[in-house]
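Derivation of every value follows stated rules applied to the coordinates shown; laboratory data play no part. If you're wondering where the values come from, they're calculated on a predicted model, not measured in any experiment. Glycine also receives a Cβ, built like all others from the backbone with ideal geometry; neighbour counts cover every protein chain displayed.
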Amino acid sequence: MDAVKDYGPTLILHLGDSDPNGHSIFQSFVEDVDEFLAQEGHPDFLKVERVALTLEQMEQWSIEGEPCKYDKHGNPTDKCAGAWLAHGITRKAQLESSRRTRSPVR
């Protein structure tokens, strides 16, 4: 944990898809790193902030995204979608690299 001594608290800015997997990956990362740092005696060393693409940004910028997908039995095809759909969230969007000729969100 030399980084704690050398640099002090660190902020990680996360950019990811606004879909069930994107949020699940982010949440798992935060939980795993928080637990590791707490075990190492540095519980406040790291702050992680999701800066894009959030559900709020989708709404604010009128990003339509695409509907969540379902199999022929009406079950979500995404294993992480249960909690997402339980909260009434039915659309998702992917964050893409930005080019001058196209939108960074689809």
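Working from the pairwise distances between different alpha carbons, so that the mean of 1/r is found and then inverted, what is region 26-83's Kirkwood radius in Å?
14.6 Å
Relative contact order for the chain: what percent, with Cα pairs under 8 Å and sequence separation of 6 or more?
Dividing the mean separation by the residue count of the chain yields 32 percent.
Give the peptides 16-26, 80-90 in descending order of average Cβ contacts within 10 Å, highest first.
Descending packing order for the listed peptides: 16-26, 80-90.
State the answer as a single residue: which of Cys68, Gly8, Val30 lies farthest towards the positive end of the charge dipole of the chain, with beta carbon charges of +1 for Lys and Arg and -1 for Asp and Glu, about the Cα centre.
The Cα lying farthest towards the positive end belongs to Cys68.
Non-local amide H neighbours of Gly16 (under 5 Å, H modeled in plane, Pro and chain starts lacking H): which ones?
Placed amide hydrogens put Ala52, Leu53 under 5 Å from Gly16.
Would you please give the residues with an amide H less than 5 Å from that of Leu46, counting only those at least 5 places away or on a separate chain, with H modeled from the backbone geometry?
Counting only residues 5 or more places away or on other chains, the set is Thr10.
About the Cα centre of the chain, what is the dipole size in debye to 20, counting +1 per Lys and Arg Cβ and -1 per Asp and Glu Cβ, all else neutral?
About 680 debye.
Just to be sure I understand, if you calculate semi-axes √(5λ) of the Cα gyration tensor in Å for this structure, which of (1) 31, 19, 10; (2) 21, 17, 14; (3) 41, 20, 12 do you get?
The value matching this structure is (1).
Percent antiparallel among DSSP beta bridges with both residues in the chain, to the nearest 5?
Approximately 50 percent, going by the DSSP bridge assignments.
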